[in-house]
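Before any comments, here is the structure.
What follows draws every value from the coordinates through simple rules; no lab data is involved. Since this is a predicted model, take the numbers as computed values, not measurements. Because the Cβ atoms are built from the backbone with ideal geometry, glycine has one as well, and the counts that use them run over all protein chains shown.
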Amino acid sequence: MSRSILFWRRTDIEGLERMALAIEPDGVTAQSSLICLEEGGLRVDHVWQLDPEWRAQAVVVDRWNARGHGRVELLRDGNGWRVDGIARPDLDGAEEPDLSVTAFCNTLPIRRTSETPGASLTLDTAYIDGSALTVTRSRQRYDRQGPGRLRFVDLGLSAGFEADLVVDESGLILRYEHLFERIAPA
């Protein structure tokens, strides 16, 4: 069993995230809170339940902003997803959730991308807009550049967006070009 606390700072806007990560033989739990100053202030809490292979089984996202509180829940349902308890056939085959406001979700496909330089993994995701709390199908690709280095390419909702990623030995983001960097508490 392993427990750790991780912090990420946003590099595009003022924002900070704190995550408690628990890795146990029967699965992984990640609980996180983030705050940022976009849209007049935003707080997002998200809880992930992963299986031992780091595949999301459930994600709950709570958001507070100028519009008030909102919540969205995703639950794996066979080869698809239930969103707030309702089957979403448009998400069938989407391999993982992708939450816009955190770097953590990138770890799930990164861990499945071969370590061989030049290897690539393309997958569909259930993209969660952390501000609007909408869930939409999107597509992305991870290209292995070398040990601990990947290139993220958005092929879906933000087609054309690309970023270099630097990760630790567990596939957790250390630096996500344009958006996030991991920091240590003082």
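Taking only C-alpha pairs under 8 Å that are 6+ residues apart, what is the relative contact order of the stretch 2-183 in percent? With pairs under 8 Å counted, the relative contact order is 15 percent.
What's the local net charge at L157, with K and R +1, D and E -1, over the other residues with C-beta under 12 Å away? Please list the in-between numbers first.
On the way: positive: R137, R139; negative: D98, D124, D129, D154.
Computed value for this residue: -2.
The order of the peptides 36-42, 58-64 by mean Cβ neighbours within 10 Å, most packed first, is 58-64, 36-42. Sparsely packed loop sites in the stretch 88-186 (the GluC sites (Glu not before Pro) outside DSSP H, G, I, E and B with at most 11 other Cβ atoms within 10 Å) comprise E115, E169. The trypsin sites (Lys or Arg not before Pro) of the stretch 66-158 meeting both criteria, a DSSP state outside H, G, I, E and B (loop) and at most 14 other C-beta atoms within 10 angstrom of the site's C-beta, are R67.
Sorted largest first, the principal axis extents computed over the alpha-carbon atoms of the chain equal 45, 43, 39 Å.
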